[in-house]
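The values are calculated or read from the model by the stated rules, or taken from the named source; none is laboratory data. All values reported here derive from a predicted model rather than from experimental measurement. All Cβ positions, even for glycine, are placed from backbone atoms using ideal geometry, and neighbour counts span all protein chains on display. Protein only, heavy atoms only, side chains kept; ligands, DNA and RNA dropped before computing areas. Shrake-Rupley method; radii C 1.70, N 1.55, O 1.52, S 1.80 Å.
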Amino acid sequence: MELPNETENLFIEERSLATGSWISNPADNFYLYSEGYKLAADLVYNGMINNSKNNNLLIYPLVFNYRQHIELCLKKLIILGYEKLKIKKDFAEVHNLEKLWFQLKNDILINFNNEIESIYLDNIERLLIEFNTIDNACAFRFPIKTKKDKYEKTLEIDTVDFENFKIVMGKIIYYLDVQYEIIDRIE
């Protein structure tokens, strides 16, 4: 393997479909980002199912990518909801799924979806709080955190049933997708 030389750059423009990727698409950047993370997670999951020898390595990108997808979906819903409500406000600039959920639920969903059964709201809320408790946006990105001149591990759990995680994550994603469709159709 060669080492980088002085003429190389990481990011160069390329418009060829074979080797280039369009990253500046004004149509809906939230969609491109969130769906990119979801697709990456789906691909990782399929790799785990098809070859279990790497499951202990791939759990981190699996959870991280689904988490990023959920965070971006929440933020996209908040933006759309405020737009439809004609409120000049934005999503909280946090990575905290619980805070983003409560902003979405309290500021937007209650204004549009009075017919939503509270059990669905409660279940989504419970799952997002669980996710946020296990992973505060860094637990599947870094193995340790600093705590007053010492290191602590970021994860308090030892194992994850990744098949169950994927199934339940799919239900959360479905719920958020339905909410997007409902809010988007409001005039």
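At a 1.4 Å probe, what is the % contribution of carbon and sulfur to the accessible area of the chain? Ligands and nucleic acids excluded, carbon and sulfur reach 54 percent.
Comparing Leu104, Leu57, Leu32 in a Gaussian network model of the chain where C-alpha atoms under 10 Å apart are linked, the largest mean-square fluctuation is found at Leu57.
Rounded to whole numbers, the Karplus 3J(HN,Hα) couplings from phi for region 93-105 are 7, 9, 10, 7, 4, 5, 5, 5, 4, 5, 5, 4, 5 Hz, using 6.51 cos²θ - 1.76 cosθ + 1.60 with θ = phi - 60°, and x at Gly and Pro. Here's the picture: charge each Lys and Arg Cβ at +1 and each Asp and Glu Cβ at -1 in the chain, and of Leu128, Leu77, Ile182 the one pushed furthest to the positive end of that dipole is Leu128.
Applying Stokes-Einstein at 10 °C and 1.306 mPa s to the Kirkwood radius of the chain, computed over alpha-carbon pairs, gives a translational diffusion coefficient of 85 µm² s⁻¹. For region 60-111, the calculated P(r), taken from all Cα-Cα distances in 5 Å bins from zero up to the bin holding the longest distance, is 4, 22, 30, 21, 12, 6, 3, 1 percent. With R₀ set to 41 Å, the beta-carbon distance separating Ile110 from Tyr60 gives a calculated FRET efficiency near 0.70. Full extension of the chain between Glu35 and Thr133 gives 32.9 nm of extra length, using 0.36 nm per residue less the Cα-Cα distance. Full extension of the chain between Thr7 and Ile79 gives 21.8 nm of extra length, using 0.36 nm per residue less the Cα-Cα distance. Helix-only arithmetic for the chain: the sum of -39500 (n - 2.57) across DSSP H runs with n ≥ 4, divided by the residue total, places the mean residue ellipticity at 222 nm at -18500 deg cm²/dmol.
For region 1-91, chymotrypsin sites (Phe, Trp or Tyr not before Pro) meeting the loop criterion (DSSP other than H, G, I, E, B) and having at most 13 other Cβ atoms within 10 Å: Phe11, Trp22.
Per residue, the accessible area of region 28-187 comes to 61 Å², computed with a 1.4 Å probe over protein heavy atoms only.
Relative to the globular-protein estimate of 2.2 N^0.38 Å, the Cα radius of gyration of region 1-40 stands at 1.59. Could you identify which residue out of Leu100, Leu17, Leu127 has the top mean-square fluctuation in a GNM of the chain using Cα springs shorter than 10 Å? Maximum fluctuation in the GNM of the chain, among the listed residues, is at Leu17. Looking only at trypsin sites (Lys or Arg not before Pro) in DSSP loops with at most 15 other Cβ atoms within 10 Å, what is the longest site-free stretch of the chain? Longest gap between qualifying sites, sites excluded: 16-85.
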